[in-house]
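Notes to accompany the following structure.
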Amino acid sequence: MKSAGILLAAGYSRRLGQDKSFVKYKGFNLIDLAIKNFLLSNLNKHIVIAGLNNYDYIHTKYPKINVILNLNNTGQNSSIKLGIENIKDYDFAMFMAIDQPFLKLSTINKVISNYKKNHIVVSSYNGNNGLPTIFDKIYFNELLQIVGDKGGKDVITKYLDKVIFVNGLDEIENFDIDTQEDLEILRRNCEIK
């Protein structure tokens with residue numbers, strides 16, 4: 001089985017007001033924490049979709065990773081499409097984001113271990129769906145057709161009977177950094193500077 005991971009790192013971080021990639025958590029950039037778990041996971045191929053803000057950093061620091069620059073960034077879907085276009089011969093794609101500092105390697109591998117052919121695997125944190133999420137290759141063409149900045153939610157909704165929810169995951173792992181309020185929570189509760 002050929003598995004690919006696509007780390008979405010090309011966002012503009014407009015609501016946050018600063019680049020998420022370089023937000024520090026316990027002395028490390030969020031992008032470095034995400035890539036560390038990404039590389040240690042049970043995936044065969046690793047692709048990072050980067051933006052102009054972080055491409056040089058990622059490409060220089062991680063020369064063995066396939067880093068793709070999203071020059072036509074129209075939202076999350078443009079990054080999803082770039083990733084899919086580079087893994088069409090793989091059995092599935094797992095999508096991850098860089099802004100989940102509490103996501104554990106064991107959770108990433110648990111989601112991978114729940115993969116079944118022709119299915120979608122969704123992380124569920126106390127009833128709230130999130131990343132990482134896996135799409136079997138039979139859904140790649142539909143992911144390429146999505147318009148707007150919705151991610152794969154429409155595909156998941158359309159094929160609910162083919163969705164495997166990985167339940168019982170620690171809710172804190174779904175915490176993501178989108179706003180200054182989120183960043184302040186992280187700083188208060190995690191002693192970052």
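The values are calculated or read from the model by the stated rules, or taken from the named source; none is laboratory data. Note that this is a predicted model, so its numbers are computed, not measured. Note that we place each Cβ from the backbone using ideal geometry, even for glycine, and neighbour counts take in every protein chain shown. Ligands, DNA and RNA are excluded from the accessible area calculation, which covers all protein heavy atoms including side chains. Shrake-Rupley method; radii C 1.70, N 1.55, O 1.52, S 1.80 Å.
Taking the criterion of being more than 30 Å from Leu183 (Cα to Cα) and either aromatic (Phe, Trp, Tyr) or touching a His at 6+ places or on another chain (Cβ under 8 Å) (or both), the only residue of the stretch 93-134 that qualifies is Tyr115. Whether a residue is modelled with pLDDT under 95, surrounded by 19 or more Cβ atoms within 10 Å (Cβ to Cβ) and either within 29 Å of Lys26 (Cα to Cα) or over 18 Å from the mean Cα position of the chain (by Cα) (or both) was assessed, and Pro101 passes this test. Selection of the stretch 42-65 for residues being hydrophobic (A, V, I, L, M, F, W, C) and either open to solvent by 10 Å² or more (accessible area, probe 1.4 Å) or part of a strand (DSSP E or B) (or both) yields Leu43, Ile47, Val48, Ile49, Ala50, Leu52, Ile65.
For the stretch 87-193, the strands (runs of 3 or more DSSP E) that sit wholly inside it and include 2 or more residues that are in contact with a strand residue (DSSP E or B) (Cβ under 7 Å, 6 or more places away or on another chain) and more than 16 Å from Ser41 (Cα to Cα) are 120-125, 128-136, 163-166.
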